[in-house]
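Take a look at the structure below.
The values are calculated or read from the model by the stated rules, or taken from the named source; none is laboratory data. Keep in mind the model is a prediction, meaning the values are calculated, not measured. Reconstructed Cβ throughout: ideal geometry from the backbone, glycine too, with neighbour counts over all protein chains shown.
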Amino acid sequence: MNRAMHDTVGATGKVKQAIMVWDMPVRVFHWLLVICFIGAWLSSESERWAMIHYAFGYTACLLTLIRLVWGVIGTRYARFSQFLKSPKAVIRHFMAMLRGHPHHDVGHNPAGGLVMFALMLLILLIGLTGYLSVKEFLGNFVSEAHEAVASLVLGLVIIHIIAAIGMSVIERQNLVRSMVNGKKQGMPEQGIRYPQYLIGSFIFLGALYFFYLIMSGSLPSLTQ
């Protein structure tokens, strides 16, 4: 029986194919956040690069706030209602993985969704403690808290990367590439219809402009 090269057969016998899962706003958020976190981390130890550090950090916060809104009004798999599950569901997911019977979710699985949401909240906490540190509020305590939360986020990012690689092997599909082209294996009816390229482009350009405003000192209330 002939099949397309990228097609697979699901448990029900139906043919799976490459479908659109991640819309453009989700992909823009994901990769710009990666760049912002790496940039902020690398520029954190140099006073010369302070404005660059601020720009990466505040832009990460802006992106996170946009993502929180998109998690309510966005497309199917972008919404928190799709991947934020109860603690019981997360435990069931882990137990299924330990038994060698993982759930093959089209969007985020319960554990991955929980980690992503935690990362978003922690990014905002990094931004808040960074802002309070700039304002010299509570002295060294806030600065140390800023560094501690950043280290915690780094640990979660490493776990996220390892999990993505592991799930790519288990699901036999490249999840990193999926976050680039937006496509995963699934049934045709599971795919989203509108990738929202225009909104994704606005988010990308808006983030770049905000980064420029911080770098140029146009928003001194955030950096002085």
Answer from ARG92, ARG67 - the residue that is assigned to a helix (DSSP H, G or I), modelled with pLDDT of 85 or more and charged (D, E, K, R):
ARG67
Hey, any hits in the stretch 96-118 for a residue that's out of contact with any Cys (no Cβ under 6 Å at 6 or more places or on another chain), modelled with pLDDT under 95, closer than 19 Å to ALA207 by Cβ and among the hydrophobic types (A, V, I, L, M, F, W, C)?
yes
Which of the residues belonging to the stretch 173-192 are free of Cβ contacts under 8 Å to residues at least 60 places away in the same chain and among the charged types (D, E, K, R)?
ARG177, GLU189
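Yes/no matrix, rows are residues, columns are (1) surrounded by 18 or more Cβ atoms within 10 Å (Cβ to Cβ); (2) outside any helix (DSSP H, G or I); (3) not β-branched (Val, Ile, Thr):
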site	(1), (2), (3)
ALA150	yes, no, yes
HIS160	no, no, yes
SER168	no, no, yes
GLN185	yes, yes, yes
PHE202	no, no, yes
Suppose the filter is out of contact with any strand residue (DSSP E or B) (no Cβ under 7 Å at 6 or more places or on another chain), without any contact (Cβ under 8 Å) to a residue 24 or more places away in the chain and loosely packed, with under 15 Cβ neighbours inside 10 Å; does LEU138 pass it?
yes
